[in-house]
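Only the coordinates and a few stated rules stand behind these numbers; no lab work does. This one's a predicted model, so the numbers in the text were calculated from it and none came from an experiment. Every residue, glycine among them, receives a Cβ derived from its backbone with ideal geometry; neighbour counts consider all protein chains shown.
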Amino acid sequence: MIRGIRGATTVNENDETIILQATDELVHEMIRQNDIRPEDVVQVIITVTEDLTATFPAKVLRTIEGWMHVPVMCMLEIPVPNSLKRCIRIMMTVQTNEKQEHIHHVYLGESVKLRPDLTKID
């Protein structure tokens, strides 16, 4: 079965180090909460809001052991007026036997506002 795992986080400024640290924290939390192995990942799509231009957040995945061959793509989030600023979103598509209701979507920082109904504190 293929499932999507959502994640998002926010940063305080458009800085390469800060963006990469926030992305690293988010990806590792998604991995931890869902027991993800790189060989089970079909693809990872990362979007950023238009105010984040300092780096490609996908660079983080290349530093995680075993993730070198996971297909990753960065894109620009649709710039909807009054939407959450300085936000990094991830859609990780994985092969899993977990039921949809057992998938743990991860929202950190101000991104908990996006889907408070999916936010779980472990």
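Could you calculate the contour length gain from Glu25 to Glu110, that is, 0.36 nm times the residue separation minus the distance between their Cα atoms, to one decimal place in nm? Walk me through the numbers on the way to the answer.
Details: separation 85, 0.36 × 85 = 30.60 nm, distance 1.43 nm.
Between Glu25 and Glu110, full extension yields an extra 29.2 nm.
Of the peptides 58-68, 16-26, 89-99, how do they stack up when ordered by the mean number of other Cβ atoms within 10 Å, highest first? Intermediate values should be presented prior to the final figure.
Values: 58-68: 14.5, 16-26: 18.2, 89-99: 16.6.
Going from most to least packed, we get 16-26, 89-99, 58-68.
So what is the relative contact order for the chain, in percent, with contacts set as C-alpha pairs under 8 Å and at least six apart? Numbers along the way, then the final one.
On the way: 217 pairs, mean separation 51.4, N = 122.
Answer for the chain is 42 percent.
In degrees from 0 to 90, rounded to the nearest 10, what is the angle of the helix 16-34 Cα long axis to the longest principal axis of the chain?
Orientation of helix 16-34: about 30 degrees from the principal axis.
When we measure straight from the Cα of Lys113, which lysines land under 20 angstrom away, once same-chain ones fewer than 8 places off are left out?
Excluding near neighbours in sequence, the set is Lys85.
Among all the aspartates and glutamates, which ones have a C-alpha under 20 Å from Lys59's C-alpha, if same-chain residues fewer than 8 places away are not counted?
Once the sequence-local aspartates and glutamates are set aside, what remains near Lys59 is Glu13, Asp15, Glu16, Asp24, Glu25, Glu29, Glu39, Asp40, Glu50, Asp51, Glu77.
Say the dipole of the chain comes from +1 at the beta carbon of Lys and Arg and -1 at that of Asp and Glu; which of Asn14, Ile2, Tyr107 then lies farthest toward its positive end?
Ile2
Could you tell me what % of all Cα pairs in the range 16-94 have separations over 15 Å? Display every interim value, and only then the final one.
Values: 1671 of 3081 pairs.
Summing the P(r) tail past 15 Å for the range 16-94 gives 54 percent.
Helix-only mean residue ellipticity at 222 nm, the chain, DSSP H runs n ≥ 4 weighted -39,500 (n - 2.57), per residue, nearest 500. What is it? Mind showing how you got there, number by number?
On the way: 1 runs with 19 residues, N = 122.
Rounded to the nearest 500, it is -5500 deg cm²/dmol.
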